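The values are calculated or read from the model by the stated rules, or taken from the named source; none is laboratory data. Source: prediction; values computed, not measured. Every residue, glycine among them, receives a Cβ derived from its backbone with ideal geometry; neighbour counts consider all protein chains shown.
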Amino acid sequence: MKLNGNKITNKQLVFYIIQAQIGVGILSLPHDVASVAKQDAWMSTLIAGLISQGIVFVFWGLCRRFPTSTLYQILPKVLGTFLGKFFIFSYSLYFMVTGSLVLARYSDLIDKWILPRTPNWITMVLILITCIYIVSAGLTSIARFYVLVSPILIVLLVLILYTMKDANFLYILPIGNNGIQPILSGSKEAAFSMLGFEVFLFIHPFVQSTGKEKLMAITTSNIFVTFYYTFMVFASLVYFETNADIALTPEPILYMIKAYSFQVLERTDLFFLSLWLVIVATSIANWLLLSAIGLASLFKKKRHTPFLPAVAGVYLLLALLPDQQRDFEHFNQFLGPTHYIFIVLIPVFLLILSLVLSKKEVVNKA
């Protein structure tokens, strides 16, 4: 299966990974982490970044042994045809479920903040159509679009920086007062929001650079996302009193900027959300792409685009299932163990097995 034979540069890879990692979770991340780690939530986010970097090294090690193969091609080579196809289907299903949860969260936020009277399925269909258009254009066009929209992240950062004029930095004191266990538990919550860098396993053969350059690119992306998320969490902690406010505020970032208006911009929160929609679209497009190329690999098709409408339909059906906050919590509890399995355990197992069995690609440099 080929992504339309497209290639991307190493710089485009940096922005690709950043857009894949930053998504719908950015709005609820401070609440989720602070509910566990309290005023030390910013430390949890940094630890989550270190954990992500450890996984990045595993991905890079596996891709170095199979420099011209995606994970969907590596699985049959290491595990055999039958097990390989089973895990290809499992990965496709996992990405569908994960993507549908992102879609459901997006729709829920749109319903609460912008369009409360609009049926959820309409907002879902609109963004899915947009994502299908993005993904069907090919890898090069996807990467160019991700580079184009990346400055939006800086605009969002500036809006949060403005709120810091009313921050109280005493709210994060005393540092480490709750012990190491809550910080580690909070890092687990933060790590889930950083998912997306696993796309490297599927696009690395199409990057025009050396193995070390690819490692530097994905490391740069992870460092940027780690500090970006850490700042968002830190800003929320010093703006809200942790125990009384942030734990009761599902989307603290939005409530922070909602309190401010400018001469030409009265509803800052709506402006923020309008930019945030683009970031969410890139995140959903990423999951849509990974699901579609998985099915294309499973059925030995060269192009993934014919599978996009069917995959989007599955996303829509699954996303319509959660109806209340409790449903989202159940959904997250179900997905929690699967994140560890598909993002950590399976790649680690493949790397170890390929080393033990001395399985690797022999690249002809002639």
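Looking at Ala244, is it of a type in the set (A, V, I, L, M, F, W, C), crowded, with 20+ Cβ neighbours inside 10 Å and at pLDDT below 85? Criteria not met by Ala244.
Just a yes or no: is a residue in segment 243-250 of a type in the set (D, E, K, R) and over 19 Å from the mean Cα position of the chain (by Cα)? Yes - at least one qualifying residue is present in segment 243-250. Given the structure, is Asn178 at pLDDT below 85, of a type outside the set (A, V, I, L, M, F, W, C) and touching a Lys or Arg at 6+ places or on another chain (Cβ under 6 Å)? Taking the combined requirement at face value, the residue satisfies it. Of the helices (runs of 4 or more DSSP H) lying entirely inside segment 1-118, the ones with 1 or more residues being more than 18 Å from the chain's Cα centre (by Cα) and surrounded by 21 or more Cβ atoms within 10 Å (Cβ to Cβ) are found at 25-37, 41-65, 71-79, 81-113. The residue pairs whose first member lies in segment 19-48 and is under 28 Å from Tyr146 (Cβ atoms), whose second member is of a type in the set (Phe, Trp, Tyr), and whose beta carbons are closer than 6 Å, counting only pairs six or more residues apart or on different chains, are Gln19/Tyr146; Gln21/Phe197; Val24/Tyr106; Trp42/Phe234; Thr45/Tyr229.
Let's see how each residue does on (1) of a type in the set (Val, Ile, Thr); (2) in contact with a Cys (Cβ under 8 Å, 6 or more places away or on another chain); (3) more than 22 Å from His304 (Cα to Cα):
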{"residue": "Ala48", "(1), (2), (3)": "no, no, yes"}
{"residue": "Gly54", "(1), (2), (3)": "no, no, yes"}
{"residue": "Val58", "(1), (2), (3)": "yes, no, yes"}
{"residue": "Tyr72", "(1), (2), (3)": "no, no, no"}
{"residue": "Tyr91", "(1), (2), (3)": "no, no, no"}
{"residue": "Leu103", "(1), (2), (3)": "no, no, no"}
{"residue": "Leu109", "(1), (2), (3)": "no, no, yes"}
{"residue": "Lys112", "(1), (2), (3)": "no, no, yes"}
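Filtering Val155, Val135, Val149 for residues that are out of contact with any Phe, Trp or Tyr (no Cβ under 8 Å at 6 or more places or on another chain) and within 18 Å of Thr230 (Cα to Cα) leaves a single hit, Val155.
Let's see how each residue does on (1) at pLDDT below 85; (2) farther than 14 Å from Ser52 by Cα; (3) surrounded by 12 or more Cβ atoms within 10 Å (Cβ to Cβ):
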| residue | (1), (2), (3) |
| --- | --- |
| Tyr162 | no, yes, yes |
| Tyr171 | yes, yes, yes |
| Leu184 | no, no, yes |
| Glu189 | yes, no, yes |
| Leu195 | yes, no, yes |
| Glu198 | no, no, yes |
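When Ser187 is tested against (1) polar (S, T, N, Q); (2) closer than 19 Å to Val33 by Cα; (3) without any contact (Cβ under 8 Å) to a residue 60 or more places away in the chain, exactly one condition is not met: (3).
Just one of the listed residues (Thr305, Thr282) is under 14 Å from the mean Cα position of the chain (by Cα), more than 20 Å from Trp113 (Cα to Cα) and at pLDDT 85 or above, and it is Thr282.
Annotation note: of Asn120, Asn168, Asn178, Asn222, the sole residue that is closer than 22 Å to Ala319 by Cβ and in contact with a helix residue (DSSP H, G or I) (Cβ under 8 Å, 6 or more places away or on another chain) is Asn120. Quick one: is Glu251 of a type outside the set (A, V, I, L, M) and either buried (at least 17 other Cβ atoms within 10 Å of the Cβ) or at positive phi (or both)? Criteria met by Glu251. Where helices (runs of 4 or more DSSP H) fall wholly inside segment 200-316, the ranges with 2 or more residues that are polar (S, T, N, Q) and under 30 Å from Ser141 (Cα atoms) are 211-239, 268-298.
Taking every residue in segment 264-288 that is within 15 Å of Thr130 (Cβ to Cβ) and touching a residue at least 60 places away in the same chain (Cβ under 8 Å) and pairing it with any residue that is among the basic types (Lys, Arg) and not in a loop (DSSP other than H, G, I, E, B), at least 6 positions away or on another chain, yields no pair with a Cβ-Cβ distance below 8 Å.
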